[in-house]
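Quick notes on the structure that follows.
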Amino acid sequence: MYESAMVTRQELPDSERRREALSEAGYNVFGLSAADVYVDLLTDSGTGTMSTAQWAAYMGGDESYAGSESFEELVDAVESVLGFDRIVPAHQGRGAEHLLYGALVDEGDVVISNTHFDTTRAHVAAAGGEPADCPVDGAFDRETTGAFDGNLDVDAARALAQSVGPERVPVVVVTVTNNSAAGQPVSIENVRRARELADELDARLVIDGCRFAENAWFVTQREAGLRDSDVASAVRQQLSFADAVVVSGKKDGLVNIGGFVALADDEDALFERLRERAILYEGFYTYGGMAGREMAAMAVGLREAVDPAYLEARVGQVRELADLLEDRGVPVYRPVGGHAVYVDAAAALPEIPREQFPGQALVCAAYLEGGVRTVELGTFAFPGTDRPELVRLALPRRRYHREHVEHVAETFGTVVERGDATGLEVVDEPTRAELRHFSATLSPVSPTHD
Ligand SMILES: Cc1ncc(COP(=O)(O)O)c(C=O)c1O
C-alpha cells in the first residue's frame with residue numbers, strides 16, 4: 001500500500017479544447033501538451049513517482065565531477081540488487097545502448113534478440129549491424145496461455161545464426177520483460193539456454209534489464225522450480241547468465257532519468273572501452289550524464305523495485321486495468337505483462353481498414369473521449385511490417401489510483417462501444433521511418449474530428 005507524499009493537480013480539459021489540442025498536434029499524441037492530458041499512459045518510462053526515501057537521497061546527492069559518493073552508492077546498489085560491481089553510467093537507456101552496441105557491433109554483423117526494442121534496433125543498425133528477432137510462437141497472439149511469451153526462440157535463433165554464419169553474430173540480446181512483444185516475461189530457463197547458445201556462437205549474452213524486477217516477479221509466480229522463491233534472488237539468478245546488462249533507470253530504477261551498463265567480472269577490456277566511450281559521449285565515467293542526486297535516487301529506487309509488496313501492487317494494477325477493459329468489451333492481450341496493457345485495435349475498431357491505422361485511430365478517439373493519452377505500436381509506428389495493430393496503455397509506477405484506472409477503462413469502453421472512430425492518413429513524416437510515430441502528422445480520412 002502507498003499513500004501520496006506529493007500531489008499534482010490535474011484537470012480534464014473540456015471536449016472543445018481536446019478537439020483543438022489534437023488537431024494542433026496533427027493527430028499525433030506526442031505533440032500534445034501534458035496540460036491537455038488527463039491520464040497519461042503514453043509510457044512507463046521516467047514517469048513514475050519517487051518515494052520520500054528517494055527524495056531524501058536526492059537532496060543529499062554528491063555533485064563532484066569525479067569520484068562522486070552518489071556514484072559509489074549506485075555501484076553498491078547495483079552490486080547488491082543486480083549482482084554486478086562494474087558499471088558504466090549513462091544519461092538514460094539509449095545512452096547505455098550507444099556505449100555498448102557501438103563497442104560490440106561492427107558493419108555486417110547480425111544481432112539476434114527475443115525482440116529488439118526500437119532504440120536497441122536503432123543502435124544496432126547505427127553500428128552497422130542487422131537486428132534479427134526470434135520471438136517464440138504465439139508472442140503476438142492475443143489469446144495465449146504461455147507463461148513466458150517474451151522468451152527467445154532459442155532453436156530459431158540457432159538456425160538463424162547457422163544460416164548467416166556464427167562468426168557474424170557477436171551478440172545475443174534478451175530483453176526482460178519483452179517490451180515489444182506485449183511486455184511479456186522471460187523465464188530464467190530461457191536465459192540459461194540463451195547463454196548456452198551464446199557460448200556455442202562465441203558471442204556475448206546481453207540482457208536488456210530495464211524491467212528486471214517486474215520480470216523476476218513473474219518468474220517467482222510462474223516458473224517451475226522457482227515459484228514462491230524471492231524476487232531479489234530471482235533477479236540475481238537471471239542476470240548472472242549475462243556478460244553485460246543494459247538498464248534504463250527510468251523503468252525499474254524508479255527514477256525519472258538515468259541508466260547504466262553493468263559488466264561481468266571477466267570483461268576487463270570491454271569495461272575500459274565503455275569507460276572511454278562514456279567520457280566521449282555521456283560524461284566522466286563516475287556520472288555518465290546523470291547529476292549526482294539522480295544517481296543517489298536511483299540507488300534507492302533499485303532496492304525499492306525488488307520489494308515484493310511493491311511488485312504485487314504494480315503488476316496487480318496492470319491486471320486490474322486489463323480486467324476492467326475486458327469487462328467493457330475492449331479486446332486486450334492475455335496474459336497481461338508487467339508494465340502495460342496492450343489492446344488489439346484491429347479487433348476493437350474492425351470498421352477501420354489497416355491502411356487507415358486503426359491503432360492510431362483508437363489512440364486519438366480515446367484522447368478525444370476522456371483525455372487519456374496512450375501510444376500506437378502497430379503499422380503506424382512500425383511502417384512496412386506486419387505487426388498486429390497494438391495500442392499500448394503503459395502505467396507509470398506508483399502514480400495513478402483506482403479512479404484513474406476506472407476512467408481509462410470507461411473511456412476505451414465507450415470508444416469501442418460507439419465504434420465511430422475515424423481512420424487517419426499520414427500528412428507529413430520524418431525521413432527516418434523508424435521514428436515516424438514520434439513526429440509524423442496525420443489527418444482524419446473523413447472530417448468527423450474537425
Ligand atoms: C526494453 C527497453 N530498452 C531500452 C529502452 C531505452 O531506454 P530510454 O528510454 O531510457 O532511453 C527502453 C525504453 O523504453 C526499453 O523499454
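At a probe radius of 1.4 angstrom, the accessible area of the stretch 71-159 per residue rounds to 36 square angstrom.
Relative to the compact-globule estimate of 2.2 N^0.38 Å, the Cα radius of gyration of the chain comes out at 0.95.
A 1.4 Å probe run over the protein chains yields, for the stretch 292-450, 36 Å² of accessible area per residue, whole-number rounding. Considering all different alpha carbon pairs of the stretch 120-252, the Kirkwood hydrodynamic radius works out to 15.0 Å.
The label point for Glu410 and the one for Trp55, both projected 7 Å from the Cα toward the Cβ, are 2.9 nm apart. Proximity of backbone amide H atoms, modeled 1.01 Å from N, is registered between Val445 and Gly423, Leu424, Glu425 at under 5 Å, excluding neighbours fewer than 5 places apart on the same chain. When the Gaussian network model of the chain links Cα atoms closer than 10 Å, the mean-square fluctuations of Met50, Met295, Met59 top out at Met59.
Between Val172, Val164, Val405, where does the largest GNM mean-square fluctuation fall for the chain, given springs only between Cα atoms within less than 10 Å? Sorting by GNM fluctuation, first place goes to Val164. Counting protein heavy atoms only, the chain has 49 percent of its accessible area on carbon and sulfur, 1.4 angstrom probe. Heavy-atom accessible area for His123, with the other protein chains in place and a 1.4 Å probe, reaches approximately 40 Å². Across every pair of non-identical alpha carbons in the stretch 342-450, the mean reciprocal distance, once inverted, gives a Kirkwood radius of 14.2 Å.
At 7 Å along Cα-to-Cβ for each site, give me the label-to-label distance between Asp428 and Ala34 in nm. A separation of 2.5 nm, rounded to one decimal place. Only one residue of Gly253, Pro131, His407 has its Cα farthest out toward the positive end of the dipole of the chain, where Lys and Arg carry +1 and Asp and Glu -1 on Cβ, and that residue is His407. For the stretch 1-65, what log10 I(q)/I(0) values come out of the Debye formula at q = 0.13, 0.20 1/Å, with one point per alpha carbon and no solvent? Each listed q corresponds, in turn, to -0.57, -0.90. In this calculation the C-beta distance from Ala347 to Glu403 is compared with R0 = 25 Å, giving a FRET efficiency of 0.35. Entry note, the chain: relative contact order of 23 percent, from Cα contacts under 8 Å with a spacing of 6+ residues. Taking a ≥ b ≥ c as the square roots of the eigenvalues of the Cα gyration tensor, an a/c ratio of 1.5 or more together with a/b larger than b/c marks the stretch 142-183 as prolate. Sorting 427-436, 82-91, 268-277, 240-249 by average packing, meaning the other beta carbons within 10 Å per residue, from highest down gives 240-249, 82-91, 268-277, 427-436. Roughly what % antiparallel, to the nearest 5, for the DSSP beta bridges in the chain? So the antiparallel bridges amount to about 55 percent of the total.
Only residues of the stretch 401-431 count here: report those whose backbone N is under 16 Å from the spot 7 Å along Cα→Cβ of Ser23, or say none. So the set is 422.
Taking amide H as placed 1.01 Å from N in the peptide plane, Val110 has its amide H under 5 Å from the amide H of Glu130, Val169, each at least 5 places away in sequence or on another chain.
Accessible surface ranking for Glu11, Glu369, 1.4 angstrom probe, highest first: Glu11, Glu369.
Comparing the stretch 43-155 with the 2.2 N^0.38 Å rule of thumb, its C-alpha radius of gyration ratio is 1.39 (two decimals).
Here the spin labels are modelled as points 7 Å beyond Cα on the Cα-Cβ line, and at Tyr2 and Ser15 they lie 3.3 nm apart. Ranked by solvent-accessible area (1.4 Å probe, protein heavy atoms only, all chains present), the residues Phe260, Phe71 order from largest to smallest as Phe71, Phe260. Figure note: Asp137, Asp40 ranked by solvent-accessible area, largest first, 1.4 Å probe, ligands and nucleic acids not counted: Asp137, Asp40. Remark: the Thr385-Arg418 segment gains 9.0 nm on full extension, using 0.36 nm per residue and subtracting the alpha carbon distance.
The values are calculated or read from the model by the stated rules, or taken from the named source; none is laboratory data. This structure is a prediction, so every number in the text was calculated from the model and none was measured. FYI the Cβ positions are ideal-geometry reconstructions off the backbone, even for glycines, and counts take in every protein chain you see. Note: accessible area is taken over every heavy atom of the protein model, side chains too, but ligands, DNA and RNA are not part of it. Shrake-Rupley method; radii C 1.70, N 1.55, O 1.52, S 1.80 Å.
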